[in-house]
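This report refers to the structure that appears directly beneath it.
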Number of protein chains: 2
Amino acid sequence: MGVNVPALRSHNAALVLDLLRTAGETGISRLELAERTGLTPQAVSKITARLRAEGLATEAGHRASTGGKPRTVLRMVPSAAYAVGVHLDRDELTALLTDLAGAVVALRRRPVDLGAGAGPVLDAVTEEVRALLADPPGSVLGVGLAMPGPLDHRAGVPGRVTGFPEWAGHPVRDELAARLGLPVVLDKDTNAAALGLALRPTAPGSFAYVHLGTGLGAGLVLGGAPLRGDRTGAGELGHQTVQLDGPPCGCGGRGCLEVLCLAAVARGELPEAARILGTGAANLVRLLDIDQVLLGGRVVLAAPSVFAEGVRGVLAGLGLSAPVGLATGRDAVAEGAAWLTLAPVFGKQAEL
Amino acid sequence: MGVNVPALRSHNAALVLDLLRTAGETGISRLELAERTGLTPQAVSKITARLRAEGLATEAGHRASTGGKPRTVLRMVPSAAYAVGVHLDRDELTALLTDLAGAVVALRRRPVDLGAGAGPVLDAVTEEVRALLADPPGSVLGVGLAMPGPLDHRAGVPGRVTGFPEWAGHPVRDELAARLGLPVVLDKDTNAAALGLALRPTAPGSFAYVHLGTGLGAGLVLGGAPLRGDRTGAGELGHQTVQLDGPPCGCGGRGCLEVLCLAAVARGELPEAARILGTGAANLVRLLDIDQVLLGGRVVLAAPSVFAEGVRGVLAGLGLSAPVGLATGRDAVAEGAAWLTLAPVFGKQAEL
DNA sequence: TCCACTTAAGCAACGCTGTTGCCAAAGTGC
DNA sequence: GCACTTTGGCAACAGCGTTGCTTAAGTGGA
């Protein structure tokens, strides 16, 4: 909790590297970095010199002069390091390799059955990750693994995944780390997706990633940081009561959003499902004062405009101005999983 | 955003001072401070020497020896500084003076009518604060002012307070600061109360303060920090939809928690009101993975056990283990308001 | 073409941070 | 009484960002 001088140094270095990252291909000059960080230009020069010496940054041309020496443009070097992201879903495994900028370099997919138990499934994960790393791309930071909740991201252990009791308590993170010889970070699928979305250069400060697939969940990003909660339980949108004394749910409650929404989907009433989802989204927007809602998950992606329009309609009807968007696509969770290991490089989510 | 050496110094000093504060009367030794902060004992010695020189800390006895030189106990000096907290409610004004530890030193109360307009009401606030400070207690850090929402805590300006349109946009913070010659911080009543509760030494990391008075709102504390949102809108619990297509609400929605809950109160059905409130609280606990629910507000305090038991029952029925408590009492908001100016001294809520 | 001017960025000296190594102070217990 | 343990201050130190100055590299008017 206390900060000493080396900690200060690495904090500022991470801050500068993050600005280089978000500047992307465009790059950014030393003086802009100084303005954005509040540090003096001289300090930025020192920090960027170290980053260049480590191969993390490079000079890339000049800006137009404004009457004096033109600013030198600096850029991050994405190939300086790589990370693996794994999305372990109930029936499918997606593993991908990204560079330091989060761009997908390679991808592998195969069907799996979570019900087959931890041993065989982790065998499959190990195989796919080894295959990705067979052609060694350079320094690999680690592996991010995203699974359906509930789980404990600090211990790296799944909880009672609905329908897959044998996973509960299995030391997934440590076992995979031992097999691969790489650091592994475990998190909930929705949290991983939200993290990946949160670190896009254009991301708003606070938003919710609402995922409608085999279940209904959300990843919450508040003030730039994902909210996990002490028990990795945050984002349990599916079991919000939106119908007092409504139909019972397996969770013990009644009128849960997930039950109502998925029932509408099952009936084929997608606009009604979108309206129910919109009510849940509106509750989020109002309770947390967030800037944006991003929809994702298989059910949404099967009829994106129906859901986007439906949710948008509910928010507009309540006078809420938060825009509604769609999350990138099929691999949002796996890409976010890679960010679980990339993020610390940029000083994000220090405490996992 | 960047951190330089003086910033590091003040950060560590605030950190140490906060540990002294939470240690309270008991005090804490230099070595414990070193363990808790991660700093070396020598660094802690230097920092505490400065704090003692500034009069913020003092030595207070010794611990029992464990085989060597006994540890010297350090304590914060609460009388080193004071702060004013003002709770401006729809019909009542509470102003109090606290010391650096947040203990109430003096209190004044009078009826007001928010509808009388900003001018006369701010006159009354000015009078009461001046009266509190008539017998000057020492260094006064500033004034925290808590009002019903909506408002903009960054600009220090109320929004459209329901039923009191003339307050909208009035520069309350700046005007009061000019009148009193002291820094003023404005925040929503529920946020102030939550802040005060969050800074108690025994507070859990994440909790919700649920306030049921003339309206229904919540103050959310996540990971030790109050959540306000960019528009100070976070905590709008009252307009969470918990009854799809339920009775209409003035907000444009249907089945809002506030409408249902207050209707039950109006019918005299307090257990039913508690059950509805409990449903809202359960939604909070699940969505945000919080550790505790604290109930407050006039309606709750009029029948505390009914509401506490009712909410507790709903949570227990859903298998949620978060304990339900009652917020201290009538002046929770005013005491929290004082913390709006005290908190920065301890490195809390840097960004207001 | 020249030259004054502006802006960018590195070099060197500096102040200040927390750290390290050492030692005095103040207890315990054989 | 003495060996031992633990606390906490003193002094020297490495390393951070800052300050003052210099050099590099442009623009634009005479």
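Give all pairs with beta carbons closer than 7 Å in which a residue from segment B:260-279 that is away from chain A (no Cβ under 11 Å) meets a residue that is open to solvent by less than 50 Å² (accessible area, probe 1.4 Å) and of a type in the set (Phe, Trp, Tyr); count only pairs at least 6 apart in sequence or on separate chains.
These pairs meet every condition: B:Ala274/B:Phe307; B:Leu277/B:Phe307.
Hey, does segment B:74-97 have a residue that's within 15 Å of DNA strand D (Cβ to nearest atom), assigned to a strand (DSSP E or B) and without any contact (Cβ under 8 Å) to a residue 60 or more places away in the chain?
yes
Filter segment A:40-76 down to the residues that are within 14 Å of chain B (Cβ to nearest Cβ) and of a type in the set (S, T, N, Q) and list them by number.
Listed by number, the residues that qualify are A:Thr40, A:Gln42, A:Ser45, A:Thr48.
Residue under question is A:Thr241, and the condition is that it be over 18 Å from A:Gly325 (Cα atoms), facing another protein chain (nearest Cβ under 8 Å) and at pLDDT 95 or above; does it hold?
Criteria met by A:Thr241.
Note down all Cβ pairs under 8 Å where the first residue falls in segment B:36-49 and is under 13 Å from B:Leu8 (Cβ atoms) and touching a residue at least 24 places away in the same chain (Cβ under 8 Å), the second is small (Gly, Ala, Ser) and surrounded by 14 or more Cβ atoms within 10 Å (Cβ to Cβ), and they're at least six residues apart or on different chains.
B:Thr37/A:Gly2; B:Leu39/A:Gly2; B:Ala43/A:Gly2; B:Ala43/B:Ala34; B:Ile47/B:Ala13
So which pairs qualify, if the first residue must be in segment B:52-69 and β-branched (Val, Ile, Thr), the second must be assigned to a loop (DSSP other than H, G, I, E, B), the Cβ gap must be under 8 Å, and the two must be at least 6 apart or on different chains?
Final answer for the pair search is B:Thr58/B:Val77.
Look through segment A:286-322, keep the residues that are of a type in the set (D, E, K, R) and at negative phi, and return whichever of them is farthest from the other protein chains (Cβ to nearest Cβ).
A:Arg298
Can you go through A:Arg130, A:Arg154 and tell me which one is among the basic types (Lys, Arg), open to solvent by 30 Å² or more (accessible area, probe 1.4 Å) and assigned to a helix (DSSP H, G or I)?
It is A:Arg130.
Applying the selection to segment B:1-39, what residues are within 9 Å of DNA strand D (Cβ to nearest atom), open to solvent by less than 80 Å² (accessible area, probe 1.4 Å) and within 11 Å of chain A (Cβ to nearest Cβ)?
Correct list: B:Gly2, B:Val3, B:Asn4, B:Ala7, B:Leu8, B:Leu33, B:Ala34.
Kindly indicate the residue of segment B:46-70 that is open to solvent by 60 Å² or more (accessible area, probe 1.4 Å) and under 24 Å from A:Asn4 (Cα atoms) and also nearest to DNA strand C (Cβ to nearest atom) among those meeting that condition.
The selected residue is B:Lys46.
Please work out if A:Leu51 is closer than 20 Å to A:Pro344 by Cβ, within 16 Å of DNA strand D (Cβ to nearest atom), hydrophobic (A, V, I, L, M, F, W, C) and at pLDDT 90 or above.
For A:Leu51, the condition - closer than 20 Å to A:Pro344 by Cβ, within 16 Å of DNA strand D (Cβ to nearest atom), hydrophobic (A, V, I, L, M, F, W, C) and at pLDDT 90 or above - is not met.
For a quick check of your reading of the model, give me the residue pairs whose first member lies in segment A:19-35 and is farther than 23 Å from A:Leu342 by Cα, whose second is open to solvent by 10 Å² or more (accessible area, probe 1.4 Å) and away from DNA strand D (no atom under 16 Å from the Cβ), with beta-carbon atoms closer than 9 Å and at least 6 apart or on different chains.
A:Glu32/A:Ala23
For A:Gly55, all conditions in the list (1) over 21 Å from A:Lys69 (Cβ atoms); (2) part of a helix (DSSP H, G or I) hold save one; what is the number of the exception?
Going through (1) over 21 Å from A:Lys69 (Cβ atoms); (2) part of a helix (DSSP H, G or I) one by one, A:Gly55 breaks only (2).
Which residues, taken from segment B:214-228, are surrounded by 23 or more Cβ atoms within 10 Å (Cβ to Cβ) and facing chain A (nearest Cβ under 9 Å)?
B:Ala218, B:Leu220, B:Leu222, B:Leu227, B:Arg228
For B:Gly115, state whether it is touching a residue at least 40 places away in the same chain (Cβ under 8 Å) and assigned to a loop (DSSP other than H, G, I, E, B).
The answer is no for B:Gly115.
Can you report the number of residues in segment B:211-226 which are under 14 Å from B:Gln292 (Cα atoms) and out of contact with any helix residue (DSSP H, G or I) (no Cβ under 6 Å at 6 or more places or on another chain)?
So the count comes out to 4.
Considering only segment A:191-212, I want to know if a residue exists there that is closer than 20 Å to A:Glu258 by Cβ, assigned to a helix (DSSP H, G or I) and open to solvent by 10 Å² or more (accessible area, probe 1.4 Å).
Checked against the condition, which is being closer than 20 Å to A:Glu258 by Cβ, assigned to a helix (DSSP H, G or I) and open to solvent by 10 Å² or more (accessible area, probe 1.4 Å), segment A:191-212 yields no hits at all.
The values are calculated or read from the model by the stated rules, or taken from the named source; none is laboratory data. The model shown is predicted, which means the values in this text are computed figures rather than measured ones. Cβ sites come from the backbone with ideal geometry, for glycine too, and all protein chains shown count toward neighbours. These accessible areas exclude ligands, DNA and RNA; they are computed on the full protein's heavy atoms, side chains included. Shrake-Rupley method; radii C 1.70, N 1.55, O 1.52, S 1.80 Å.
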